[in-house]
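These notes are about the structure you will find just below.
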Amino acid sequence: STGPVIRAERSYVMIKPDGVQRGLVGEIITRFERKGFQLKGLKLFQTPEDLAKEHYKDLASKPFYGKLVDYIISGPVVAMIWEGDGVVASARKLIGATNPLAAEPGTIRGDFAVEVGRNVVHGSDSPENGEREIGLWFEETEVVEWTRDMTPWLK
Ligand code: RTP
């Protein structure tokens, strides 16, 4: 057949060093699993400084950029690829507002954080950035093709 390959939507979701140190890894993964998204990549990873800088390059002019990079490389992160219809926007909802004090209870940041500079988790802000970030954080061989058969319970 011809034409573009239509890929399912994917988000790059990352448990930041504070989330790992505080023992929130299982809790956070559980929320995405129970929602009904599919895990396509997962690793515990010590981030090199150049990768942290590249990931947040759009914020390079912000006054907090240096501190942000130092925070992201301060300990291991859990890097994940989650896939499913609408996963990018839905992940942002599950995660909650950037400033945890503004995040609704029931969201990850609303339930577990108080500081914008220690806000536990990251989620891509668009499908395009999802693909960009997955390309930055994962080797092709680390992206696993498998089927989670949730039919007829979930689509
Ligand atoms: P993320 O990329 O981590 O999912 O966060 P976001 O889209 O909700 O927020 P963004 O504006 O992209 O900011 C990225 C991360 O920078 C840190 N930040 N610190 N005023 C500050 O000190 C400040 N503002 C933002 C946060 O860790 C935020 O998640």
Original post:
Before we move on, is Gly84 open to solvent by 10 Å² or more (accessible area, probe 1.4 Å), without any contact (Cβ under 8 Å) to a residue 60 or more places away in the chain and either under 21 Å from Glu140 (Cα atoms) or not polar (S, T, N, Q) (or both)?
Top reply: no
Subject >> Options Lys67, Lys53: the member that is away from the ligand (no atom under 11 Å from the Cβ), in a helix (DSSP H, G or I), out of contact with any Lys or Arg (no Cβ under 9 Å at 6 or more places or on another chain) and charged (D, E, K, R) >> reply: Lys53
Original post:
So is Thr30 in a loop (DSSP other than H, G, I, E, B) and either at negative phi or without any contact (Cβ under 8 Å) to a residue 60 or more places away in the chain (or both) or not?
Top reply: no
Original post:
Out of the residues in the range 113-151 that are over 12 Å from the mean Cα position of the chain (by Cα) and part of a strand (DSSP E or B), which is surrounded by the most Cβ atoms within 10 Å (Cβ to Cβ)?
Top reply: Arg118
**OP:** Those residues that are of a type in the set (Val, Ile, Thr) and over 20 Å from Leu39 (Cβ atoms), I need them from the range 87-106; list them, please.
**Re:** Thr98
**OP:** Determine whether Leu94 is in contact (Cβ under 8 Å) with a residue 12 or more places away in the chain, open to solvent by 50 Å² or more (accessible area, probe 1.4 Å) and within 22 Å of Gly41 (Cα to Cα).
**Re:** no
Subject >> Pair list, Cβ under 9 Å, 6 or more apart: the range 104-128 residue more than 8 Å from the ligand (Cβ to nearest atom) and aromatic (Phe, Trp, Tyr), other residue open to solvent by less than 50 Å² (accessible area, probe 1.4 Å) and assigned to a helix (DSSP H, G or I) >> reply: Phe112/Gly19; Phe112/Ile28
**OP:** Considering each of Val13, Val25 in turn, give the residue that is within 13 Å of the chain's Cα centre (by Cα), in contact (Cβ under 8 Å) with a residue 12 or more places away in the chain and within 16 Å of Ser124 (Cβ to Cβ).
**Re:** Val13
Subject >> Which listed residue, of Leu101, Leu154, Leu51, Leu44, is open to solvent by less than 90 Å² (accessible area, probe 1.4 Å) and either modelled with pLDDT of 95 or more or within 12 Å of the chain's Cα centre (by Cα) (or both) >> reply: Leu51
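Residues are listed down the side, and each one gets a yes or a no for (1) over 22 Å from Ile134 (Cβ atoms); (2) of a type in the set (Lys, Arg):
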position: Thr2; (1), (2): yes, no
position: Phe32; (1), (2): no, no
position: Lys53; (1), (2): no, yes
position: Asp58; (1), (2): no, no
position: Lys62; (1), (2): yes, yes
**OP:** Would you check which residues across the range 1-32 are within 16 Å of Gly86 (Cβ to Cβ) and surrounded by 10 or more Cβ atoms within 10 Å (Cβ to Cβ) and list them?
**Re:** Ala8, Glu9, Arg10, Ser11, Tyr12, Val13, Arg31, Phe32
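The values are calculated or read from the model by the stated rules, or taken from the named source; none is laboratory data. Nothing here was measured: the structure is a model prediction, and the numbers come from that model. No Cβ is skipped: glycine too gets one built from the backbone with ideal geometry, and neighbour counts run over all protein chains shown. Accessible surface is based on the protein model in full, side chains and every heavy atom, while ligands, DNA and RNA are left aside. Shrake-Rupley method; radii C 1.70, N 1.55, O 1.52, S 1.80 Å.
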